[in-house]
Amino acid sequence: MQILHRFAESIQRYSEELSDPDRYRPDHCPQCEARRPLRAHGFYTRTLVDIAFDSTIRVRRYLCCCCKRTVSLLPGFVLPYLRFGIVVIALFLVARLLLGLTLKAATESAKLASMPYQRGQFWVRRFRQQAEKLCAALAVLLAPPAAPDFPSRALRMLESIGWIAAHRFLFAGLRVHLLGWPAFLAPAGRVAALSPVVPSA
Ligand SMILES: [Zn+2]
């Protein structure tokens, strides 16, 4: 399971703060709710493409000694299961859906000139599917503005609130993903628990 914590918003600060396992150690397990601090359990690496960054970052993992499941602490500027950071996805979606730029021009305005256009179409498709849910969830923070459709309204709300602040609110409290969870993790970003198959004798 992935949770967010209060890491700095810059990749450099994040990397500096990551070295201390106590700094943001969860004091309880979000999966089984055991009231015991989790044990540091190493890192995994993931790729990240962001403004002026295209490399890997480390993500700290903790282990719950009660349920034996791991929790990873993602920085607030990445979206689970997406290689691109929130800032570049936001620039692209605003350019394409709010300003009405072509796919090519929207890609350039997000500083992603070499990106295949299919990836941008994929973001647009997922955002459109998710927009109505985002408007409803963000209405707690901001009165929904007038807009011709849900994607435009959601984009205006995200621009007003701030994308990363909105992502934190949606993810930490409601387990809502800005672009929707992949099907195998829907609806709340958790792998469905399946009972082990008992082999027949
Ligand atoms: Zn647990």
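The values are calculated or read from the model by the stated rules, or taken from the named source; none is laboratory data. Everything numeric in this text was worked out from a predicted model, so none of it was measured. Methodologically, a virtual Cβ is constructed for each residue, glycine included, from the backbone with ideal geometry; neighbour enumeration extends over all protein chains shown. What goes into the accessible areas is simple: the full protein's heavy atoms, side chains included, and nothing from ligands, DNA or RNA. Shrake-Rupley method; radii C 1.70, N 1.55, O 1.52, S 1.80 Å.
List the residue pairs whose Cβ atoms are under 6 Å apart, where the first residue sits in the stretch 25-53 and is closer than 21 Å to Ser10 by Cβ, the second is loosely packed, with under 14 Cβ neighbours inside 10 Å and charged (D, E, K, R), and the two are 6 or more positions apart or on different chains.
Once the first residue is closer than 21 Å to Ser10 by Cβ and sits in the stretch 25-53, its partners that are loosely packed, with under 14 Cβ neighbours inside 10 Å and charged (D, E, K, R) give Thr47/Arg83; Val49/Arg83.
Would you confirm, using the coordinates I've provided, whether Arg25 is more than 20 Å from Leu79 (Cα to Cα), within 21 Å of the chain's Cα centre (by Cα), within 16 Å of the ligand (Cβ to nearest atom) and in a loop (DSSP other than H, G, I, E, B)?
yes
State the number of residues belonging to the stretch 56-83 that are open to solvent by less than 40 Å² (accessible area, probe 1.4 Å) and away from the ligand (no atom under 16 Å from the Cβ).
11
Tally time: how many residues in the stretch 154-184 are touching a residue at least 60 places away in the same chain (Cβ under 8 Å), open to solvent by less than 20 Å² (accessible area, probe 1.4 Å) and of a type in the set (A, V, I, L, M, F, W, C)?
5
Restricted to the stretch 33-55, and to residues that are outside any strand (DSSP E or B) and of a type in the set (Gly, Ala, Ser), which residue is farthest from the ligand (Cβ to nearest atom)?
Among them, the one singled out is Ala52.
Which one of these does Ala105 not meet: (1) in contact (Cβ under 8 Å) with a residue 40 or more places away in the chain; (2) in contact with a Lys or Arg (Cβ under 9 Å, 6 or more places away or on another chain)?
(1)
In the stretch 150-194, what count of residues is obtained for those that are at pLDDT below 95 and of a type in the set (Lys, Arg)?
Residues meeting the conditions: 3.
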